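Here's the structure, in structure tokens; my notes come after.
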Amino acid sequence: MDDEKHSQDLICVCTPTFVTPNTKTNAVLQDWSLRDMPLYYFLNPFDSHLRDFLMQSLWNETQYNPLGQRYWSCVPYLLGEGQAMMYSFAPKSQVDTDIPGVPFGKVPDNYLKDNMVKTLSRKAVEFDLLVQLQTDPHRMPVETATVRWPEELSPFIPAATIRIPKQKFDYPAQVEFTRRLTFNPWHCLHEHRPLGNQSRARRRMYDELSKFRMEMNDTTHVEPTGNEEFGPD
């Protein structure tokens, strides 16, 4: 994309499969969400998606600390021309998981960030970057995002280690910097571009949402370089 030249955005979620199989059904889900009735998308007797509901229910759980959670691409990407893949980030480090107020008290609004701050103030954190190659186009489809690719056909292979160093994680300048970031799966090398109908739709949707957010926050976009420094106030 024209707005970034040097970034590879690896966008993940905490479930191995996507909530909808394709863009058509996703549009239906968004319609029900606008009516504040997203559950009806899954339970509509005339057009039910019970299996998708059960899959998401199996994988949804309370999140304690983003630094200790496994992440999944959910949709395929290229690993060079002619080879589709899924990727995943698996945590390797013990992290802080206490949430004040659980289960009966008032939970802080930013407990996820608080646990990240607490963890990184004490130590570095590592993830394994794992890659799963598509070996069967029927059982490992590109265009249907609710199918989990069988690991017995193609296990995840460790490809790299991601290391997040020990640091102070909540400088005001750092928080302000995050407001200027834009994420899009199409911030990528051509050889590692996303695949599938939902990824094609995400290109424009993510771009429009980012522009809207920047306008509402009265800020501008900046591409990260990796050389940013955030010192004390």
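Based on the alpha-carbon set only, what is the convex hull volume of region 35-137 divided per residue, in Å³?
Spelled out: Cα convex hull of region 35-137, divided by residues, is 185 Å³.
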Item to check | Estimated distance in nm for a label pair at VAL107 and LYS168, the labels positioned 7 Å out from Cα along Cα-to-Cβ | outcome: 3.0
Next on the checklist: Suppose the chain between ASN44 and GLU126 were pulled fully straight at 0.36 nm per residue; how much longer would it get relative to their current alpha carbon spacing?
Outcome noted: 25.3 nm
Next on the checklist: Over 17 Å apart: what share of the alpha carbon pairs of region 165-214 falls there, rounded to a whole percent?
Outcome noted: 52
Checklist entry - Give me the Kirkwood hydrodynamic radius of the chain in Å, from all C-alpha pairs, to one decimal place? => result 19.9
Checklist outcome for this item: Phi-derived 3J(HN,Hα) across region 154-160 with the Karplus relation (6.51, -1.76, 1.60, θ = phi - 60°), rounded Hz, x for Gly and Pro, is 8, x, 5, 10, x, 10, 6
Checklist entry - Zone of ARG148 (label point 7 Å along Cα→Cβ, backbone N under 19 Å): which residues in region 83-126? => result 85-91
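Past the 18 Å Cα-Cα mark, which pairs from LYS113/LYS211; LYS113/LYS166; LYS168/LYS211; LYS118/LYS166; LYS123/LYS168? Each step should come with its number before you reach the end.
Details: LYS113/LYS211 24 Å; LYS113/LYS166 15 Å; LYS168/LYS211 29 Å; LYS118/LYS166 10 Å; LYS123/LYS168 10 Å.
Those over the limit are LYS113/LYS211; LYS168/LYS211.
Take the Cα radius of gyration of region 84-183 and divide it by 2.2 N^0.38 Å, with N its residue count; two decimals is plenty.
Numbers: Rg = 18.3 Å, N = 100, 2.2 N^0.38 = 12.7 Å.
For region 84-183, the normalised Cα radius of gyration is 1.45.
To the nearest 20 Debye, how big is the dipole of the chain about its Cα centre, given +1 on the beta carbon of each Lys and Arg and -1 on that of each Asp and Glu?
320
Rounded to the nearest 0.05, what FRET efficiency do VAL13 and GLU229 have when you use their Cβ-Cβ distance and R0 = 22 Å? Could you put the intermediate results ahead of the total?
Details: r = 30 Å, r/R0 = 1.37.
Step by step, r from the Cβ atoms, then E = 0.15.
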Checklist outcome for this item: Label model pair LYS211, ARG51: point-to-point distance (7 angstrom along the Cα→beta-carbon line) in nm is 3.8
Checklist outcome for this item: Checking LEU39, LEU195, LEU129 against a Gaussian network model of the chain (alpha-carbon springs below 10 Å), the top fluctuating residue turns out to be LEU39
Next on the checklist: If I take every Cα pair under 8 Å that is 6 or more residues apart in the chain, average their sequence separation and divide by the length, what percent do I get for the relative contact order?
Outcome noted: 24
Checklist entry - Using helices alone, what [θ] at 222 nm do you get for the chain, with -39,500 (n - 2.57) per DSSP H run of 4 or more residues, divided over all residues and rounded to the nearest 500? => result -8500 deg cm²/dmol
Checklist outcome for this item: Descending packing, highest mean Cβ count within 10 Å first, for 90-102, 140-152, 206-218 is 140-152, 90-102, 206-218
Item to check | Unit charges at the beta carbon, dipole of the chain: most positive-side option, VAL175, TRP59, CYS188 | outcome: TRP59
Checklist entry - Counting pairs of alpha carbon atoms under 8 Å apart in space and at least six apart in sequence, what relative contact order in percent does region 78-137 give? => result 53
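Read the figures in this text as sums done on the coordinates, not as results from a lab. Predicted model only: the values in this text are computed from it and were never measured. Cβ: placed from backbone, ideal geometry, glycine included. Neighbour counts: every protein chain shown.
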